[in-house]
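Okay, so here's the structure we're looking at.
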Amino acid sequence: MTNNLKNIRDLTFEEIEEFFLTHNRPNFRASQVYKWLWSNFVYDFSQMTNLSLNDRNLLISNFAIKSISKYEYIDSKDGTTKFLFKIDNEKVVEGVLIPQKDRYTVCISSQAGCSLACKFCATGKLKLLRNLAAWEIFDQVYLINKFSLEKYKSKITNIVYMGMGEPLLNISNVLKSISLINYSHGLNISQKRITVSTAGITKIIKKIADLKPKFNLAISLHSANNKKRSELMEINETNNLRNLLASVSYFYNITKIKPTYEYVLLSGINDSQDDAEELIEFCKKSPAKVNLIEYNHVKGIPFKKSTKESTQKFIDILEKNKILVKLRRSRGEDIGAACGQLATQNKKW
Ligand code: SAH
């Protein structure tokens, strides 16, 4: 029965206010309820003790409170932990905690599955099951933060939307989740510490820019050659490099935030000197930084990671040309928690 009731955690503050207004209840009830939900993380109306019994009952008869409460986790040898969150009692979405010196980065999913089918990505081999609600995205962060506090006595510091799914194809819930994560009486994590990664949905990049966000944008580039990029990423057929560049520079001009180009180095595919030079040309057209990513093996996919030598050579060429470049080493590969490996292969239920 409660299942048929609307989840109150799907409502914005304004919608909760509207609810109390239409039931002739005082306005301040909305902020009380909102704080129980998003500051105190109380998911039981009967525990909302500063509400009258009448108002608690009113809420109970109108709403359910749904949250992700269950997860399993697997530790990697390198300290990374992969989380498997159950949604709809069956589907699983994954999140990852990557502890570093004084940085605790959380990687979260925005969709169950993915519709994009990039050739090198394990999630891309799944179909899109559905978009995640803002609260489902939030709960991954909340639960991983709780885990981090218990295990490392440290709050998480950074959040990357680089798990399963394409965040820009679920943008309204992604934006809602960011404001929930950012809520000053709640988790209170600054937008500057949040990065949303996209395969490059150009129209939405421009829409986001118009909202003047404070969070970072990462673009999965992987090749600065249009033909090559189309071969690696189907999305490039409808969102080609020229449009991508236009949207990225639009984003930069409005926000003054330099986007990061992610570039997975695939041996013999996109790691030659020519590839590096094409990337340099592309980077010179609009301010950006480059994150090179070591390719993580995905079962059934024939790509190989670049050798140490070609990786170093690629970095040298970029650096010589004054491109800001970092190499992101693989973490959690042994447990299938590294970039592009999230496909619930360790599913236990
Ligand atoms: N859909 C979004 C976010 C998820 S992927 C996007 O495309 O950006 C997060 C990053 O991991 C992307 O840059 C993606 O291209 C990269 N990735 C995918 N498969 C990978 C693999 N097998 N090895 C390393 N990185 C991979």
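Some notes on this structure:
- Given (1) touching a residue at least 24 places away in the same chain (Cβ under 8 Å); (2) more than 10 Å from the ligand (Cβ to nearest atom); (3) in contact with a Lys or Arg (Cβ under 9 Å, 6 or more places away or on another chain), index of the condition N240 fails: (1)
- Residues in segment 208-224 that are crowded, with 16+ Cβ neighbours inside 10 Å and either over 18 Å from the mean Cα position of the chain (by Cα) or of a type in the set (G, A, S) (or both): A209, A218, S220, H222, S223, A224.
- For segment 245-278, the candidate set comprises residues that are more than 12 Å from the ligand (Cβ to nearest atom), among the aliphatic types (A, V, I, L, M) and closer than 15 Å to A218 by Cβ; within that set, the residue that is surrounded by the fewest Cβ atoms within 10 Å (Cβ to Cβ) is I257.
- Filtered residue count, segment 200-230, keeping only those that are in contact (Cβ under 8 Å) with a residue 60 or more places away in the chain and more than 14 Å from the ligand (Cβ to nearest atom): 0
- Long-range neighbours under 8 Å by Cβ, at least six apart or interchain, first residue assigned to a helix (DSSP H, G or I) within segment 161-173, second of a type in the set (S, T, Y): P167/S110; P167/Y161; P167/S197; P167/T198; L168/T198; L169/S115; N170/S110; N173/S110
Rundown of residues vs (1) at pLDDT below 95; (2) among the acidic types (D, E); (3) within 16 Å of the ligand (Cβ to nearest atom), yes/no style:
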{"residue": "P26", "(1), (2), (3)": "yes, no, no"}
{"residue": "Q47", "(1), (2), (3)": "no, no, no"}
{"residue": "N50", "(1), (2), (3)": "no, no, no"}
{"residue": "L53", "(1), (2), (3)": "no, no, no"}
{"residue": "I65", "(1), (2), (3)": "no, no, no"}
{"residue": "S69", "(1), (2), (3)": "yes, no, no"}
{"residue": "G95", "(1), (2), (3)": "no, no, yes"}
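- A single member of S52, S46, S39 is surrounded by fewer than 16 Cβ atoms within 10 Å (Cβ to Cβ), touching a helix residue (DSSP H, G or I) at 6+ places or on another chain (Cβ under 7 Å) and either without any contact (Cβ under 8 Å) to a residue 40 or more places away in the chain or outside the structural domain of S330 (by TED's automatic domain parsing) (or both), and it is S46.
- Residue within segment 97-113 that is out of contact with any strand residue (DSSP E or B) (no Cβ under 6 Å at 6 or more places or on another chain), on the phi > 0 side of the Ramachandran plot and assigned by TED's automatic domain parsing to the domain that holds S190 present: yes
- Within segment 121-151, considering residues that are in a loop (DSSP other than H, G, I, E, B) and surrounded by 20 or more Cβ atoms within 10 Å (Cβ to Cβ), the one farthest from the ligand (Cβ to nearest atom): L132
- In segment 152-168, the residue that is nearest to the ligand (Cβ to nearest atom) out of those that are surrounded by fewer than 22 Cβ atoms within 10 Å (Cβ to Cβ) and within 28 Å of Y261 (Cα to Cα) is V160.
- Residue in segment 189-204 that is over 28 Å from I301 (Cβ atoms), basic (K, R) and outside any helix (DSSP H, G or I) present: no
The values are calculated or read from the model by the stated rules, or taken from the named source; none is laboratory data. All of these numbers come straight from a predicted model, not from anything done at the bench. FYI the Cβ positions are ideal-geometry reconstructions off the backbone, even for glycines, and counts take in every protein chain you see.
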